[in-house]
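Undergrad: Mind having a look at this structure? Questions to follow.
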C-alpha cells in the first residue's frame, strides 16, 4: 500500500518533542539508539551499484546525516568554509547552504575534520556545532536564528562531540584538556539555561545522552574514569559509576529495556597491556636537560610521554609540570577498558549498586555499542565483531570481519540486521541474532567516518565525497 512520506501513522516521543518515526534527528537517530524506529524492510545486498535510490556528491566532512521531515541536514567543509547544508530527502538535491563564520580553523587530529560533530534538528530548528567556531541555529529554510561563539578550545585533536535537542533545550558537552563543560541552551533564543564545570575531565569525545529513568530526566556523560548522570533541569550531578577508561570516544546507548550500555577504550587500559610511567621526581631527572624542573618536548626522544605530549601538557604552555605529569600518570594507572551496563535508578556513588555487568574483552574505541533485539553488538578496530547477551554481558559470538580496518562509524540496526562500515568504506551486513552471521559485504571505495541513518526503509550512507540513499524499489 502506498505511503505518504511525511504524514505518518507512527509517532515517537522523546521528552516533550514529538518526532515522526521516520525522522533521524541526531547522531544515531531518535534517542541516539542507532535503531530504525519502524519495521520497514531494509535491503541486504547493498553497494555502490546495488539498491541505489540516488547518489549525490557532497563536500568533505565526518558528521553523520540527520533527517527531519522532507530534509536531510549535513555539515561539511569546502575551501575552508564551514557549511550547514539542507538536501531534499527524495532526491538528494541541495536546497540551501549556510556558512558559519569563524576567525580561523582550529587544530584537529591528522585524520580529523572541521565538520566532525553531527548536527541535531527538530521540526523548527537545525543546530550545527563547529568546535571552536561555536553553535549555529537555523530554521528549516536556512534562516539564521541565533549563534553562540565559543573557544578556542584547548585540544589539539579538535572537538568531536555532538549536540542533542530535548524538550526545547540544546544540550552540549565539551571535554577538552582544560575548561571542560556541559551546558543547556534554549533552542528558541540561544540563551544559556545552565552550564556545569567539568574541568576534572580532560579531552573526551562522548556525546551527551538523554535518559528518562524512572521518571527522572537526566543527561549522561561518559568520560575519563567515570560515568555521570546530571539533572536535566539544573545540571546537578545525580550519580556516578567509576571504573572506565582514561578517555572515552564513543557515546552510550539506552536499550529498549531501559538499561544504559557504554564502552570506553584507551591505550594502556587493557588488563594485559598496561602503560606505566615512573613518578615525576624519578623521571624528570633523566630528561630535564635545562634543569628547570619541567619537561619540554625537545627533551624527549621516545616513550609514552612524548607520544602523548599534547595531552600531558594540559594547559599547552610547552612545559609539563609535576602536577600535569602526575595527573596523567594516575589516568594510566586507573583507566580500565570496559563495556558495561548500568541499571536505572542510581543515586550518588553507584559503582557497586547499579552496574549490571562489566565486560573487558574486545572493547571498541570509537564505534558506539548497539543494543538491538536483546543483544549488545560491538565492533573493535581490526574488524572484530561480537554480540553480548544484554542481561549477562556474556559473549554469544565473536569473529573477525572481512572489513578489518579502523571503525569510526557506529553500528546501526533495523529489519533484523546490523550495518557496520570501516574507515575504508567496506560495509558489512550482519544478522542480528546471538550466533550472528555475515549476510553481505560491499566496498564503497571511499573513506567512511559517518554513521549511517536508517529511516523509512532507506539507508543514508555518507562517504568522504558522496551521500547515498539506498533502499528497496517501491
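Undergrad: Considering 80, 47, 131, 92, which residue is surrounded by fewer than 17 Cβ atoms within 10 Å (Cβ to Cβ) and touching a residue at least 24 places away in the same chain (Cβ under 8 Å)?
TA: On inspection, the qualifying residue turns out to be 80.
Undergrad: If you don't mind, there's one more thing I want to ask. Pairs needed: first member in the range 200-213, closer than 15 Å to residue 239 by Cα; second member anywhere, outside any loop (DSSP other than H, G, I, E, B) and at pLDDT below 95; C-beta distance under 9 Å; at least 6 residues apart or different chains.
TA: Short answer, once both residue conditions are applied: 210/14; 212/14.
Undergrad: Still on this structure: If you check residue 145 against the conditions, is it buried (at least 24 other Cβ atoms within 10 Å of the Cβ) and part of a strand (DSSP E or B)?
TA: In short, no.
Undergrad: Do we have any residue at all in the range 222-229 that's touching a residue at least 60 places away in the same chain (Cβ under 8 Å), surrounded by fewer than 23 Cβ atoms within 10 Å (Cβ to Cβ), touching a strand residue (DSSP E or B) at 6+ places or on another chain (Cβ under 9 Å) and more than 20 Å from residue 360 (Cβ to Cβ)?
TA: no
Undergrad: Limited to the range 57-66, what total is found for residues that are under 11 Å from residue 467 (Cβ atoms) and buried (at least 16 other Cβ atoms within 10 Å of the Cβ)?
TA: 5
Undergrad: Just give me the residues in the range 165-181 being within 30 Å of residue 328 (Cα to Cα) and crowded, with 24+ Cβ neighbours inside 10 Å, in sequence order.
TA: Once the filter is applied, which keeps residues that are within 30 Å of residue 328 (Cα to Cα) and crowded, with 24+ Cβ neighbours inside 10 Å, the range 165-181 yields 171, 172, 173, 174, 175, 176, 180.
Undergrad: Looking only at the range 428-466, how many residues end up being in contact (Cβ under 8 Å) with a residue 24 or more places away in the chain and part of a loop (DSSP other than H, G, I, E, B)?
TA: Qualifying residue count for the region: 18.
Undergrad: Do we have any residue at all in the range 261-272 that's more than 30 Å from residue 211 (Cα to Cα), outside any helix (DSSP H, G or I), out of contact with any strand residue (DSSP E or B) (no Cβ under 8 Å at 6 or more places or on another chain) and at pLDDT below 95?
TA: yes
Undergrad: Can you find a residue that is assigned to a strand (DSSP E or B) and closer than 30 Å to residue 212 by Cα anywhere in the range 148-156?
TA: Scanning the range 148-156 turns up at least one residue that is assigned to a strand (DSSP E or B) and closer than 30 Å to residue 212 by Cα.
The values are calculated or read from the model by the stated rules, or taken from the named source; none is laboratory data. Quick caveat, the model's predicted, so the values are computed rather than measured. Cβ coordinates were reconstructed from backbone atoms using ideal geometry, including for glycine residues, and neighbour counts include every protein chain displayed.
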